[in-house]
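The values are calculated or read from the model by the stated rules, or taken from the named source; none is laboratory data. If you're wondering where the values come from, they're calculated on a predicted model, not measured in any experiment. Please note: Cβ atoms are built from the backbone with ideal geometry, for glycine as well, and neighbour counts cover all protein chains shown. Side chains included, ligands, DNA and RNA excluded: accessible areas come from the protein's heavy atoms. Shrake-Rupley method; radii C 1.70, N 1.55, O 1.52, S 1.80 Å.
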Amino acid sequence: MADKVNENSSELELQVEAQVRALVQALEERRAALLDFVRADRDVRVRALREQVTQCTAKLQQTTGLIQFCIEALKETDPPAFLQVGSMLITRVSNADLTWYKDVATQARISPHADLTLDDQSARRAIQHLNFIQMKPAKDGEERRPAAPGAPTIIPEECSAENNSVTVAWQPPPTSSVQGYVLEMDDGSGGDFRDVYCGKETICTVDGLHFNSMYNARVKAFNSSGEGDYSELIGLQTAEVAWFTFDPNLSPGLQFSADHCALSCPGYEHRVALGSVGFSRGVHYWEFSVDRYDSDTDPSFGVARMDVAKDQMLGKDDKGWAMYIDRQRSWFLHGDAHAQRCEGGIQTGATVGVLLDLDRHQLSFYVNEEPQGPIAFHDLYGVFYPAVSVNRGVSVTLHTALDPPADADDT
């Protein structure tokens, strides 16, 4: 048995080494992408500054010309001639003065500082959890002075953004008469702030946000006398692409793997499985790999509302938009109406990709990384969950956090 233990340990060491190498490679690739983003941000700022300098130079030339014209007018020795143009000159100079302060003398529109802060907390947590033992809870961040007397203090080290959720943590103000806190966030597009939490806790997680959006958050304390000052603002960027799994609580009658990424159905009737996140904005792409396909059945892939009928094929009701496919061909299905028959089917080992483009409000499909027919559905508005329906004889595995296909824009 000692030999068996040593053999298993050696295999585990090789697996850990390979996984860590893959993580290091992924980190290097992400580092290169982040550096490219910083350089692109620099180029945008420099270009904007050059445009602003050009505008200011043109404005200065116009003003200089006006001043020279006024000087020549003042040299006019004929009083009637001066009176004829005097009022027009006064009006023109006044207008130039107003537009000068409006267009030029205001604060610079482009900050010389890059408003970028690398959010590595989620990655650090993930690295910590690579250990084989249960990690201890993270320690509190160092104390920070509040932005104003009576204002809570945001703890950046405890704030994070994962997928389309953000977590905000703060410290109480020095005063002890606080009865609760109000957390406010904007809409992710620089809009108005709104209340998202009111209570006594000093940490809050907000779910169901938009992907690839920057959310600003602030906190204020209150008691029976009124409300205190706001804390400093903190910006939290949600993920560009979504990582998600199937949600077993939303998908009865199906069998899931331990990581909730693979599923199968023991019965002959179709059952619908939904993803754990919903999308309302952005471009999202995920794939299903067909692990088993040994019967003449039609698995259906696509998106659905939360209240889709889960005891029939996806697309049979008006809450699902799908493509069902067999070994030879596929159809698009919504509201029990199918259309756009496309040649080409699936078998064991095939992949089915789903591209949900909510910027253009459309849905399209891929089979083995090739487009399966034209764009399937248009005018999609609202919240959509990744979905699939299978029955006996089919097993699939979900793959997420993928970039859209290279030809997605052309399609």
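Before moving on, here are some points about what is shown:
- In the range 339-411, the inverse of the mean reciprocal separation of distinct Cα atoms equals 13.7 Å; this is its Kirkwood hydrodynamic radius.
- Helices assigned as whole DSSP H runs in the chain whose Cα atoms extend at least 18 Å along their own long axis and whose mean Kyte-Doolittle hydropathy is -1.0 or higher are found at 2-74, 79-103.
- Exposure check, 1.4 Å probe, all protein chains in place: Leu23 carries approximately 90 Å² of accessible surface.
- Sorting 186-193, 318-325 by average packing, meaning the other beta carbons within 10 Å per residue, from highest down gives 318-325, 186-193.
- Check: the range 249-359 dipole with +1 on Lys, Arg Cβ and -1 on Asp, Glu Cβ, in debye: 100 debye
- Under the convention that each Lys and Arg Cβ holds +1 and each Asp and Glu Cβ holds -1, the size of the dipole of the chain around its Cα centre is about 820 debye.
- With the charge dipole of the chain set up from +1 on Lys and Arg Cβ and -1 on Asp and Glu Cβ about the Cα centre, the Cα lying farthest toward the positive end among the listed residues Phe222, Val38, Gln62 is that of Gln62.
- Computed helical MRE - 222 nm, the chain, DSSP H runs ≥ 4 contributing -39500 (n - 2.57), nearest 500: -9500 deg cm²/dmol
- Residue-count net charge about Tyr385 - beta-carbon cut-off 9 Å; Lys, Arg +1, Asp, Glu -1: 0
- The mean accessible area for residues of the range 1-91, using a 1.4 Å probe and ignoring ligands and nucleic acids, is 84 Å² per residue.
- Ranking Leu356, Gly302, Ala18 by how far each Cα lies toward the positive end of the dipole of the chain (charges on Cβ) leaves Leu356 at the top.
- When nucleic acids and ligands are ignored and a 1.4 Å probe is applied, Tyr197 ends up with an accessible area of around 50 Å².
- Of all the options Phe82, Phe332, Phe244, the one that moves most in a Gaussian network model of the chain with Cα springs shorter than 10 angstrom is Phe82.
- Prolate/oblate/rounded call for the range 247-393, Cα gyration tensor, a/c under 1.5 rounded: rounded
- Under a Gaussian network description of the chain, with springs only between Cα atoms under 10 Å, the residue in Glu29, Glu269, Glu184 that fluctuates furthest is Glu29.
- Just checking the listed ones, Leu116, Leu236, Leu183: in the Gaussian network model of the chain with Cα springs under 10 Å, the one fluctuating most is Leu116.
- Accessible surface ranking for Lys310, Lys75, 1.4 angstrom probe, highest first: Lys75, Lys310.
- Global geometry of the chain, whether rounded, prolate or oblate, following the gyration tensor of its Cα atoms and the 1.5 cut on a/c: prolate
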